[in-house]
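Read-outs throughout are calculated quantities, based only on the coordinates presented, and are distinct from any laboratory measurement. Keep in mind that what you see is a predicted model, and the values were worked out from it rather than measured. In this analysis, Cβ positions are derived from the backbone assuming ideal geometry, glycine residues included, and neighbour counts consider all displayed protein chains.
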Amino acid sequence: MLQKLSDSIKDAMRAKDKLRTQTLRSIMNDFKNAGIEKKGREGLTDDVASPAEFLDEAEMIKVIQGAAKRRRESAEQYIAGDRQDLADKENLELSILEEFLPKALTNEELEAMVKEAIAEIGASSMADMGKVMKAVQPKVAGRADGKTISTMVRGLLG
């Protein structure tokens, strides 16, 4: 993932695509910050070229998902504030970030996973929602956000 991101930054710089370069650099910076945080939290002492190298693929995906979520929320706020120009910029950045995320699950695929988890657990009411969410989230592995999963579980249990 780091290599792909580095290559994409170089390509964007060569193409003189400022928005893409800026967006990808911000993600690289987010990786470094997350790596530094992890290094401090876990007491890692191994010196590597970049703190981002402390992150595994799943952690990198979480970082990108967080950045994508921030951009979605910002775009909504800009639209509410009647600033379509800024919302468009956030949406462009979001589309760049989505290139680095795993392919999202379709509603049918997610529904099948949720139904399978409900059957495994034997869930029958909303009281079991937490158990179902806990079982589904590792299977989804970043291909659907928590809000979407929660809505699906509520719909099937309610």
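Placing unit charges on the Cβ atoms of the charged side chains and taking the dipole of the chain about its Cα centre, the candidate lying farthest along the positive direction among 77, 150, 3 is 77. Fewest-first ordering of 6, 125 by other beta carbons within 10 Å of each residue's beta carbon gives 125, 6. Simple rule: put +1 on each Lys or Arg Cβ and -1 on each Asp or Glu Cβ in the chain, find the dipole, and look at 127, 97, 114; the Cα lying farthest toward the positive end is 97. The charge dipole of the range 2-98, taken about its Cα centre with unit charges on the Cβ atoms of Lys, Arg (+1), Asp and Glu (-1) only, comes to about 280 debye.
Taking the helices alone, the chain has a mean residue ellipticity at 222 nm of -24500 deg cm²/dmol, built from -39,500 (n - 2.57) per DSSP H run of at least 4 residues and averaged over all its residues. Set against the labelled values (i) 10.4; (ii) 25.5; (iii) 12.0, mean projected area of the Cα convex hull in nm² computed from this structure falls on (iii).
A Förster distance of 25 Å, applied to the separation of the beta-carbon atoms of residue 107 and residue 56, puts the FRET efficiency at 0.30. Working note: Debye formula, equal point scatterers on the alpha-carbon atoms of the range 107-157, no solvent; log10 I(q)/I(0) at q = 0.17, 0.19, 0.21 Å⁻¹ is -0.39, -0.49, -0.61. Fully extending the segment from residue 69 to residue 33 would add 11.2 nm, taking 0.36 nm per residue of separation and subtracting the current Cα-Cα distance. Mean separation of Cα pairs under 8 Å and 6 or more residues apart, divided by the residue count, gives the range 2-98 a relative contact order of 26 percent. Projecting label points 7 angstrom from Cα along Cα→Cβ for residue 115 and residue 156 puts them 0.8 nm apart.
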